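Structure first, commentary second.
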Amino acid sequence: MFDVSKSALKRIKEVSLKNNKNYFRISVDGGGCQGFSYKFDFDNTINDDDNVLDFESIKVLIDKTSLEFVKGSELDFVQDMIGSYFKVSNPKAKSTCGCGTSFSL
């Protein structure tokens, strides 16, 4: 359904512990240079429409609407010359922006 790389899990765990947050939230919003954008946040609340995915004791929350956009995708944590960031590899995306946070279907 949705996968998370080892490097992303490691980074989520580091930031969660530092900020005293229990969950990592992934959502899709309208906007961005390609039409849709991924949003990443740390949270302590599970909403009624959240799917809770468990990866090595890391809880990832994706609301039902956003899950339709990211099914079959993988979240990775990338460190390169432009910085470090979470990146979604989404097989449904027809195009993405250079930083990987915006996409079109």
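The values are calculated or read from the model by the stated rules, or taken from the named source; none is laboratory data. Everything numeric here is computed off the predicted structure, so don't read it as measured data. Cβ sites come from the backbone with ideal geometry, for glycine too, and all protein chains shown count toward neighbours. Please note that ligands, DNA and RNA were not included when accessible areas were found on the heavy atoms of the full protein model with its side chains. Shrake-Rupley method; radii C 1.70, N 1.55, O 1.52, S 1.80 Å.
FRET efficiency for Phe40 and Met81, Cβ-Cβ distance as r, R0 = 25 Å, nearest 0.05?
0.75
Give me the percent of accessible area attributable to carbon and sulfur for the chain, probe 1.4 angstrom.
Ligands and nucleic acids excluded, carbon and sulfur reach 48 percent.
Cross-link partners among lysines for Lys92, C-alpha distance below 20 Å, same-chain residues fewer than 8 apart left out?
Lys39, Lys64, Lys71
Using Cα springs under 10 Å in a Gaussian network model of the chain, which residue among Tyr23, Tyr85, Tyr38 shows the largest mean-square fluctuation?
Ranking Tyr23, Tyr85, Tyr38 by mean-square fluctuation puts Tyr85 first.
Choose one answer from Asn90, Asn51, Asn19: the residue with the largest mean-square fluctuation in a GNM of the chain with alpha-carbon springs under 10 Å.
Sorting by GNM fluctuation, first place goes to Asn19.
Straight-line reach from Lys94: which aspartates and glutamates have a Cα under 17 Å away, not including same-chain ones fewer than 8 places off?
Asp29, Glu68, Glu74
Where does the chain land on the Kirkwood hydrodynamic radius, alpha-carbon pairs, in angstrom?
Across the chain, the inverse of the average 1/r is 14.0 Å.
Applying 1/(1 + (r/R0)^6) with R0 = 22 Å to the Cβ-Cβ distance of Lys71 and Asn47, what FRET efficiency is obtained, to the nearest 0.05?
Numbers: r = 19 Å, r/R0 = 0.85.
So, using R0 = 22 Å, E works out to roughly 0.70.
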